[in-house]
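The structure appears below as structure tokens.
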Amino acid sequence: MVSRKEMAREDGAVTNTATAPPPTRASRLPGYVRFPLLVVLSFATSMSLLSAASEFMDPQLRAVSRSANEDVKIVSSIALKLTELSLGWFGNFDDIDLVSLSVLTHTPWYYLLYTFYAVESTTILICLTIDALSLAGPTRLLRARAPQHNPRAPRAAVPNRAIISDAQTALATSLLAAAVYAVALFAAFQTFLPAFMAVHFDNLPSLQAAHAASLPALLATLLPVGYAAREFILVPGLAAQADRADAARAAFNPATATLADTLRHNVWWFGKGTRVLVKRTATVVAATAAHARGAEAAE
């Protein structure tokens with residue numbers, strides 16, 4: 001039984017109230033109302049912002065986005081949005097997590113549009129901003145921010161707060177994450193990607209931008225993606241706190257454990273922080289793949 005001096009977070013972690021962050025204003029609506037409301041607010045935000053920004057959009061984006069089957073495109077877009085909202089809400093992500101996840105999953109697609117279809121960079125930035133705001137804005141209204149993203153949280157409430165808030169560490173880890181993306185993209189540009197795009201996609205204006213891409217330019221362009229990777233993957237991993245499941249895992253006794261317990265311990269024995277890193281990395285991979293599949297289905 002949890003004592004009165006402890007409180008349980010949504011993810012199951014137990015935190016002592018002496019070090020808990022100060023309370024933040026959260027929605028008082030019943031749980032069964034908040035997710036449907038989140039969906040309505042997200043779609044309303046997205047449609048309103050897209051309508052307001054339509055006159056600033058590059059016509060090339062409309063031409064590229066035109067589909068031979070508009071019904072499939074609409075259904076695919078709605079399904080993708082619902083998947084993102086479900087992942088964020090039931091994955092217990094806050095607004096900072098969702099901004100970061102949106103940047104990580106949508107940027108590769110938009111960057112390919114910029115490189116191979118010459119869509120204007122301002123249009124790309126507008127689309128990325130709308131995608132992020134339509135996910136994060138409603139979430140911020142309905143869910144309190146996690147302690148690691150709450151500047152008012154006491155330092156003792158978040159493990160490794162000194163590392164998380166250190167500017168030099170933030171810059172170094174963001175550069176490292178951006179370098180991973182930049183090297184992968186540069187290698188693709190120099191090997192198979194231009195030929196693949198030319199064979200499988202129609203009406204490419206030019207391949208010059210792909211062949212002319214340099215590693216330093218890619219690194220500079222993808223620095224926001226690196227920062228998003230840091231915020232979504234590294235920071236929650238550093239801030240993860242042990243819970244009751246970790247205590248049970250530490251007390252594992254091979255002499256009395258069942259076969260299932262032994263397999264679970266050997267396969268998933270990592271510490272809480274490492275498990276968070278693995279789960280969130282898998283989330284980025286799955287969400288990026290889902291976004292790519294959804295965009296492909298809309299063609």
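The values are calculated or read from the model by the stated rules, or taken from the named source; none is laboratory data. If you're wondering where the values come from, they're calculated on a predicted model, not measured in any experiment. Glycine also receives a Cβ, built like all others from the backbone with ideal geometry; neighbour counts cover every protein chain displayed.
Please specify each residue of the stretch 68-90 satisfying the condition of being under 16 Å from His291 (Cβ atoms), among the small types (Gly, Ala, Ser) and exposed (fewer than 15 other Cβ atoms within 10 Å of the Cβ).
Ala79, Ser86, listed by residue number.
Going by the conditions given, is Leu135 touching a Leu at 6+ places or on another chain (Cβ under 7 Å), surrounded by fewer than 20 Cβ atoms within 10 Å (Cβ to Cβ), within 30 Å of Leu29 (Cα to Cα) and not acidic (Asp, Glu)?
Numbers: touching a Leu at 6+ places or on another chain (Cβ under 7 Å): yes; surrounded by fewer than 20 Cβ atoms within 10 Å (Cβ to Cβ): no; within 30 Å of Leu29 (Cα to Cα): yes; not acidic (Asp, Glu): yes.
Answer is no for this residue.
Assuming Ala228 fulfils every condition listed in (1) at pLDDT 95 or above; (2) surrounded by fewer than 19 Cβ atoms within 10 Å (Cβ to Cβ) apart from one, which condition is it?
(2)
Which condition does Glu299 not pass, out of (1) part of a helix (DSSP H, G or I); (2) closer than 30 Å to Val64 by Cα; (3) at pLDDT below 80; (4) of a type outside the set (A, V, I, L, M, F, W, C), if it passes all the others?
(1)
Say whether the condition of being touching a residue at least 12 places away in the same chain (Cβ under 8 Å) and surrounded by fewer than 14 Cβ atoms within 10 Å (Cβ to Cβ) is met by at least one residue in the stretch 240-250.
First, pick out the residues of the stretch 240-250 that are touching a residue at least 12 places away in the same chain (Cβ under 8 Å): 240-246, 249.
Add one more test, that the residue is surrounded by fewer than 14 Cβ atoms within 10 Å (Cβ to Cβ), and what stays is 244-245.
Checking the stretch 240-250: at least one residue is touching a residue at least 12 places away in the same chain (Cβ under 8 Å) and surrounded by fewer than 14 Cβ atoms within 10 Å (Cβ to Cβ).
Which one of Ala242, Ala282, Ala220, Ala229 is under 30 Å from Asp166 (Cβ atoms) and outside any helix (DSSP H, G or I)? Quick ask: steps written out before the conclusion?
Values: Ala282 fails: outside any helix (DSSP H, G or I); Ala220 fails: outside any helix (DSSP H, G or I); Ala229 fails: outside any helix (DSSP H, G or I).
Of the residues listed, the single one that is under 30 Å from Asp166 (Cβ atoms) and outside any helix (DSSP H, G or I) is Ala242.
Among the residues of the stretch 162-179 satisfying the criterion of being without any contact (Cβ under 8 Å) to a residue 12 or more places away in the chain and surrounded by 14 or more Cβ atoms within 10 Å (Cβ to Cβ), which is nearest to Tyr227 (Cα to Cα)? Can you show your working first?
Kept after step one, since they are without any contact (Cβ under 8 Å) to a residue 12 or more places away in the chain, are these residues of the stretch 162-179: 162, 165-169, 171-172.
Checking the rest, the ones that are also surrounded by 14 or more Cβ atoms within 10 Å (Cβ to Cβ) come to 165, 169, 171.
Values: Ser165: 13, Thr169: 11, Leu171: 8 Å.
Here the answer is Leu171.
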